[in-house]
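The values are calculated or read from the model by the stated rules, or taken from the named source; none is laboratory data. Predicted, not measured: the structure shown is a model, and the values here were computed from it. All Cβ positions, glycine included, derive from the backbone under ideal geometry; neighbour counts span all protein chains shown. Protein only, heavy atoms only, side chains kept; ligands, DNA and RNA dropped before computing areas. Shrake-Rupley method; radii C 1.70, N 1.55, O 1.52, S 1.80 Å.
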Amino acid sequence: MCGIIAAASSRNVGKLLVRGLHKMEYRGYDSAGIALHQDNSIAHLRAVGKVQLLEDKMIAEKPKSKLGIAHTRWATHGEPSELNAHPHKSKDSVYIVHNGIIENYVELREELIKDGYEFSSQTDSELIAHLLDLYYKETKSMVNAMYKAKEKLDGAYAIAAINIDDNSNLVVARNKSPLLLGIGSDEILAASDPIAIAELTNDFIFLEDGDVAEISAETYKIFDNTKSKANREITHIDISTQATSKGDYRHFMEKEIYEQPEAVSKTVDGRIGGEDVLDNIFGLGSSDIFAKVERVQIVACGTSLHAGRVAANWFSSIAELPCQVDYASEYRYRNPHVDQNSLLITISQSGETADTLAALNYSKERDYLSSLTICNVPTSSLARESDFSLFTNAGPEIGVASTKAFTTQLAGLMLLALSLAKSRGLNPKLRGRIVKALRLLPETIAEALLLKDKMLEIAPNIANKNNALFLGRGIFYPIAKEGALKLKEISYIHAEAYPAGELKHGPLALIDENMPVIALAPESEIAEKLISNLEEVKARGGTLYVMADPSVNMDVKSGSLVHMPKCDFFMTPIVYNIPLQILSYEVALLRGTDIDQPRNLAKSVTVE
Ligand code: G6P
């Protein structure tokens, strides 16, 4: 949610700040802005819409500056408009960019109005500029002003600020929103995501909650929550430009779909050996802790939650453990009962989702045996704050709709099911069978990607409808939910998922020739029952698109029966999801939507 970037350099920073915003556009894209220090004044440009519109203004005005801050926005308080776009300023002297939410903004705003400050936006962020101005006047130091402002601010924030009185230093602060420094040559940068500055440096410092840093082109000083000087480690990360560019693909989402065989190999490689999963792949001591686990609690959001729902089934059937799955945003509010020896698992692509982080923090006050995260970003807050972790190694996922992150999360969760079973001394033969299937998984996914032509045939029949129904049973119900989520996210077609047996309890009333039904029919004891459910759809004129095991045969009349590649039953949820991703992508393409940046959404949701 929102991306911020700041730079102090010995060269002009306008272009590199805008380039950084382009890289972080997945975080929010309803407006963008920049403030550039020009010695006696500050150039302030903002535009409603995508970063390109800000760039057009920059090209027209060509402001020069060696110190600046910039922002791409996902609106929380106040509609997308130029006045609500960041940077916000106070009396032409202090300019700020902010990612996060200030929870006590109403009372602070009132206090500042009493102090004579005027507000020009509806945002919760503008008051930060006024607070800094107020305290800068008092302390004559932006670092001290930031500490005084921090005492007032409740909520989550990553802030970068500049002041007209200082053309070489900028100040940043972090609390519960991601923020890092990049150490370049003759320049120091700050950003919400390393991707934004990866072309400029490979050396990053991940700030901690409570940190304030002062940055100039030559040096940086970091202070911790108690205002003491802090030494934070420099982390070297090589993010290739290939990983963050589309290459020959039309969209990041398309690239990420077709990267899945390789991505899954990277999740599994080095974590299995012979006929079993290796010990301690979730961190030193994890295998011993797993031996004590008696119950599992999963919390996650969006696509990651769907991965959790599939995994709950695996934990039960492979590791013989009861597992509960909750929306991270709901978990804290149901006063969960925590049984002895429960393991808390968070699943997250970004590792920064505010609700998931809040659930993890809440769990720390409860009696959990341990916490573990399945996450794609090793430097993220979830990774740092969990006892154990497994990184999915999917590489940067830029398309807002999650694809390769989901597939690799499932592979990671299968490794977890195997590890729990191993530590509990259970099902060695089954473990051997699954390890073999995991080795073949990249190949099977590559085969499933070849179903593109079939999806191209189906796509026009979905693209011209306003609704779609996805059906699955058992472990395929969460896959049906993920299929429906993907379709609605990027094509804006209303899509719902049901366990097929529930059809007759309501949704059957919706079936007519305008309601395409997409069903998942793997070979299993449930396939037969599902096929009877599909007959009910056919009898009412609904059009069926069925992804099925090669052994399944049925007359789908004007719809399609798509035979899936053969694979071990435990891999089928992962494999059946692939054509659903392609179908959503092709439907969205036909409808001409903004596939990588669908309206109203953002990839990294750092507000609760
Ligand atoms: C947003 C994204 C989804 C993602 C969800 C959870 O809604 O658009 O694609 O599944 O957040 O994100 P996480 O990073 O925690 O997996």
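The table below lists the values:
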read-out: Hits in segment 23-62 - residues which are at pLDDT 95 or above, more than 19 Å from residue 159 (Cα to Cα) and under 21 Å from the mean Cα position of the chain (by Cα); value: 51
read-out: Residues of segment 318-345 satisfying the condition of being more than 16 Å from the ligand (Cβ to nearest atom) and touching a residue at least 40 places away in the same chain (Cβ under 8 Å); value: 318, 319, 320, 321, 338, 339, 340, 341, 342, 343
read-out: Selection status of residue 571, more than 16 Å from the ligand (Cβ to nearest atom), part of a loop (DSSP other than H, G, I, E, B) and not assigned by TED's automatic domain parsing to the domain that holds residue 80; value: no
read-out: Looking only at segment 341-367, and only at residues there that are modelled with pLDDT of 95 or more and more than 25 Å from the chain's Cα centre (by Cα), the one that is farthest from residue 389 (Cα to Cα); value: 341
read-out: Residue match in segment 282-293 (condition: within 13 Å of the ligand (Cβ to nearest atom) and out of contact with any Leu (no Cβ under 6 Å at 6 or more places or on another chain)); value: no
read-out: Residues located in segment 454-502, provided they are among the basic types (Lys, Arg), open to solvent by 30 Å² or more (accessible area, probe 1.4 Å) and part of a helix (DSSP H, G or I); value: 454, 481, 488
read-out: Pairs where the first residue, in segment 410-423, is in contact (Cβ under 8 Å) with a residue 40 or more places away in the chain and more than 11 Å from residue 264 (Cβ to Cβ) and the second is open to solvent by 10 Å² or more (accessible area, probe 1.4 Å) and part of a helix (DSSP H, G or I), C-beta under 7 Å, 6+ apart; value: 418/431; 419/287; 421/431; 422/431; 423/287; 423/291
read-out: Filter result for residue 170 (within 22 Å of residue 377 (Cα to Cα), in contact (Cβ under 8 Å) with a residue 12 or more places away in the chain and open to solvent by less than 60 Å² (accessible area, probe 1.4 Å)); value: no
read-out: Residues of segment 360-388 satisfying the condition of being within 14 Å of the ligand (Cβ to nearest atom), open to solvent by 10 Å² or more (accessible area, probe 1.4 Å) and not in a loop (DSSP other than H, G, I, E, B); value: 383, 385
read-out: Filtered residues of segment 181-206 (kept if assigned to a loop (DSSP other than H, G, I, E, B) and either outside the structural domain of residue 16 (by TED's automatic domain parsing) or surrounded by 23 or more Cβ atoms within 10 Å (Cβ to Cβ) (or both)); value: 192, 193
read-out: Residues being assigned to a helix (DSSP H, G or I) and open to solvent by 30 Å² or more (accessible area, probe 1.4 Å) - total across segment 389-406; value: 0
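For (1) more than 16 Å from the ligand (Cβ to nearest atom); (2) out of contact with any Ser or Thr (no Cβ under 7 Å at 6 or more places or on another chain); (3) assigned to a helix (DSSP H, G or I); (4) open to solvent by 40 Å² or more (accessible area, probe 1.4 Å), each residue gets a yes or a no:
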site	(1), (2), (3), (4)
523	yes, no, no, yes
542	yes, yes, no, no
562	yes, yes, no, no
565	yes, no, no, no
579	yes, yes, yes, no
600	no, yes, no, yes
605	no, no, no, yes
